[in-house]
Amino acid sequence: MSFSVYVDDAILHRALSVGLLGAKMEIPVKFCKRIGIRFIDTTGALKMKLSRILGVACLLFFSLSSWSATPPTVTIFVDATSAPRKIFHAKLKIPASAGDLTLYYPKWIPGEHAPAGPVIDLAGLKFTASGKTLKWRRDLLDGFTIHVEVPAGENEVSAELDLLSPATFEGGFSAGSSATDKMAVISWNQVLLYPKGWKSDDLTYVARLKLPANWKFGTALPIASTTGDQLNGETQITFQPASLTTLVDSPVITGEFLKVVKLADEPSTEMDIAADSAAALAPPQEVWDHYKNLVEQADKLFGAHHYRDYHFLLSLSDHVVHFGLEHHESNDSRIDERGLVDDTARKKEAGLLPHEYVHSWNGKYRRPADLATPDYQQPMQDDLLWVYEGLTQYLGEVLTARSSLLTPDQVRDDLALTAAALDHTPGRGWRNLQDTADAAQQLYFAPQAWHSWRRGVDFYDEDTLNWLWADVIIRQQSKGKKTLDDFCKLFHGAPSTPPMVKPYTFDDVVNALNQVVSYDWRGFWTERLTNHGPGAPLGGIEGSGWKLVYDEVPSEMERGGESNWHFIDVKYSIGIDLRENGTITDTIEGMPAAQAGIGPGMKLIAVNGRQYSAEILRDALKAGKSGTAPLELLVENTDYYKTYKLDYHGGERYPHLVRDDSKPDLLSEIYKAK
Ligand SMILES: [Zn+2]
């Protein structure tokens, strides 16, 4: 006799399939009793009574679940006491059975939208079982996969590994420079391995962390206990068991100079700020007030939250890489050491924390289905980053204004710079906005040279303009009764939940917008994503009652950017982006410098026969307005010197927004605190 199992219930069928693939499989007896399972023999002659059938079915499930075990619990101990030497040691204990144990080093890093896990910095790998060293080999088709040979009779493998954190300044997001003599950020994905066959949600990690003597710490990862070593001052933290998803989503900031600033209660919201000096942690009181406003304004925008508590992990250092990375319950944001205390630096970085905070709603809770991957090895698809990052960029700027981190004038100046830069991006002619998202996993790592022709991850900036446009359309179509805030409440808001992922598709975005106000949103976004210009999409700026213009006086934000990031902006006059030292980082196709033969990578040596400086160049642009002689630029290119003549007489040009009095001022309305 042979028999087959027929399953009437589609849900059970899915559960059974998952079980066969090795995921968690626990079907209680009472569930077996509720589902319709029929056993028939191949002749159809045998009829069994229902009670007996159910008994056999449950036995079958029991035997299935005994070979597809419950997900393992991994313990991990990270020794960060050598952080100033920029090496981190980790030890893991991983349940295993005889045969091949396949382990993964996280490859696709959430929020980085790319296979950016620093596997090149993984060193000191050693596997043992019962004290004996085990053989291992890297997978030939995927360098992030390690195969360990587990001998018979063993049920646990001990792993040792080191993370070699960049020793000199290096970019690359969380894989870039992350430790100094005084502070460090620990990203758990960089110091662990995980076993194949499980979703990151299903694996449990019990983590312990040891810190350098007298270093304090901040993290959203719930703590079980903290012990301090009386002799050497080293702190050891034991965290509560957490899923691998939560662990990787909860970095730890640590340092000698660490300040905790409470921003709100219920849910508890705080800043944990580590700096390379105590002085960097003492900005004017109004700075903390503005960040308190940020939490209040975000609450009013979304009307609910999706974290248990929230930590802004802020690094202030000139030696760690500068970027921001979002998490459900925290963000890992890194700026200059004087990024809070220096007025100019503070203004230029003011939008960073609002952006990363918005991601808790837009990106972590609501996430494009193509980015909601079950583990860190499955490739991510970046096609909806125009919502994930673009909407976040727009809302981040709105909240920057509403929380008074910048004045409305300053936010508007930033918007003018965004619009003007896109207006001088001829690459829009060949690469549409959708392709900047589709190719994001490469474009995040693109060089600065040829930026305006190659294009970069423009879905941040171009979609700031596009979501403003959408906001304006909602306000116009609803005659001022609805705004994009209503979309945020509908799409990202109530009910409040702990961290969870609610995936969405393009259709979901279109449908939600239509629930706010009926409009051809599909047509709108399709046009915005596939449009080739020419010029930037300015419908939102113009619809909100403002116009993009150029004059000879740079805005406060323009000058601030130049001094903060050490570049000279003559993009809108002769079409050159250059560093303070004269190195040309980009030239804009079709503009005077490119037409004369100048390209990225060359170096400006002299202007009209006199040694180059920013002032000399600006003076020459001004003087050229009233003359007819060409602007002469002596340029060095691969050891050769050549003078290029530019027939340019337009003077200096810098972007601004000015009011269009024929229309209502919606932009100022959008920027007003709620
Ligand atoms: Zn972002």
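Across all Cα pairs in the stretch 473-560, the calculated P(r) in 10 Å bins from zero up to the longest distance comes to 13, 32, 29, 21, 5, 0 percent per bin.
The equivalent ellipsoid that matches the C-alpha gyration tensor of the stretch 101-228 spans semi-axes of 26, 20, 15 angstrom, in descending order. With the alpha-carbon atoms of the chain aligned to their principal axes, the span from lowest to highest coordinate is 102, 64, 50 Å, starting with the largest.
Calculated mean residue ellipticity at 222 nm for the chain: -8500 deg cm²/dmol, from DSSP H runs with n ≥ 4 weighted as -39500 (n - 2.57), summed, divided by the residue count and rounded to 500. Once the gyration tensor of the Cα atoms in the stretch 567-674 is diagonalised, the equivalent ellipsoid follows with semi-axes of 33, 16, 12 Å, ordered largest first. When each of the peptides 281-290, 342-351 is scored by how many other beta carbons lie within 10 Å of its residues on average, the order from highest to lowest is 342-351, 281-290. Our note on the geometry: Cα centres of the stretch 169-210 and the stretch 237-309, 19 Å apart. Using the Cβ-Cβ distance between Lys603 and Lys547 with R0 set to 45 Å, the FRET efficiency works out to roughly 0.80.
By the rule of a C-alpha distance below 19 Å, with chain neighbours fewer than 8 residues away ignored, the lysines paired with Lys216 are Lys86, Lys182, Lys259, Lys262.
Net charge of the neighbourhood of Leu134, taken over other residues with C-beta under 9 Å away and scored Lys/Arg +1, Asp/Glu -1, is +1. The relative contact order of the chain, computed from alpha carbon pairs under 8 Å that lie at least 6 residues apart in sequence, is 10 percent. Distance from the C-alpha centroid of the stretch 341-409 to that of the stretch 440-474: 13 Å, rounded to the whole angstrom. Each of His451, His306, His532 was scored by other Cβ atoms within 10 Å of its Cβ. Listed from fewest to most, they are His532, His451, His306.
Among 259-268, 534-543, 202-211, the peptide with the highest mean count of other Cβ atoms within 10 Å heads the list, and the full ranking is 202-211, 534-543, 259-268. For the chain, the Cβ-based charge dipole about the Cα centre amounts to some 2180 debye (Lys, Arg positive; Asp, Glu negative; other atoms uncharged). Ordered from longest to shortest, the equivalent ellipsoid semi-axes for the stretch 396-487 are 28, 16, 12 Å, each the square root of 5 times a Cα gyration tensor eigenvalue. Taking a straight line from the alpha carbon of Lys364, these lysines sit under 20 Å away, with near neighbours fewer than eight places off in the same chain left out: Lys107, Lys199, Lys300, Lys489, Lys502. Between the stretch 598-674 and the stretch 520-560, what is the C-alpha centre distance in whole Å? About 20 Å separates the Cα centre of the stretch 598-674 from the one of the stretch 520-560. What is the list of residues in the stretch 611-625 whose amide nitrogen lies under 17 Å from a point 7 angstrom out from the Cα of His566, following Cα to Cβ? Flagged as within label range: 613-615.
Read the figures in this text as sums done on the coordinates, not as results from a lab. Worth saying up front: this structure is predicted, and the values here are computed from it rather than measured. All Cβ positions, even for glycine, are placed from backbone atoms using ideal geometry, and neighbour counts span all protein chains on display.
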